[in-house]
Amino acid sequence: MIKKRTRNRYTEVSALGQHICMSAQKARRVIDQIRGRSYEETLMILEFMPYRACYPIFKLVYSAAANASNNMGFREESLVICKAEVNEGTTVKKLKPRARGRSFPIKRPTCHITIVLKDISLDEDYGYGYRDPYINDMSSSGGKWGKK
C-alpha cells in the first residue's frame, strides 16, 4: 500500500510534468541539486547547469511559482522547494529496421517530475526542506573532513 504525503494546502503549491522524454536517472541528477533551495537560487542554478534535463525542470519550477503567485497569492521571494521527485514513466518502444530484414529495438524512457513549493513566510516552523544559505554547516565541524 502506498501512502500519499498529505500536503498543507495553505502553504504548498505543486506542479507536475508527465511523460517527459528522458530517463529518470538523468533528471534525478539535476533534481538532487535543487531540492531544499529557494526559488531564485534554483532558477540561477538551472539556467547555468549544462544538462539537457535542466530545461523541463526549469519550466516546471517556473510553472509552480506561477501557480503560487496567481492561485494562492504567494510572493516569489519567500518560496522554497520543499519536495522534488522524479518517477519513471512509460517506455516508448520502437523497432529500427536493419540490414537483411532484421530490426533492433529502440527504447525511449520517459519520466514524471513533481515539484512542490512552500511559502516560508506563512509557515511557523522553518524546519522541513529549508536550508539557510547564510549558515555554513561545515564551519562548526572544522572543515570538509572534520580535520583541524
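Here are the numbers for this structure:
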item: Top-ranked residue of segment 21-54 - restricted to ones that are aliphatic (A, V, I, L, M) and in contact (Cβ under 8 Å) with a residue 40 or more places away in the chain, ranked as nearest to Ser69 (Cα to Cα); result: Ile34
item: Failed item, numbered, when Thr11 is tested on (1) farther than 30 Å from Ile106 by Cα; (2) hydroxyl-bearing (Ser, Thr, Tyr); (3) without any contact (Cβ under 8 Å) to a residue 24 or more places away in the chain; result: (3)
item: Number of positions in segment 46-59 that are farther than 16 Å from Cys82 by Cα and either touching a strand residue (DSSP E or B) at 6+ places or on another chain (Cβ under 8 Å) or among the β-branched types (Val, Ile, Thr) (or both); result: 2
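Since every read-out is calculated from the coordinates, none of them should be taken as a lab result. On a predicted model such as this, the values are computed, not experimentally measured, just so you know. Neighbour counts run over all protein chains shown; Cβ positions are idealised from the backbone, glycine included.
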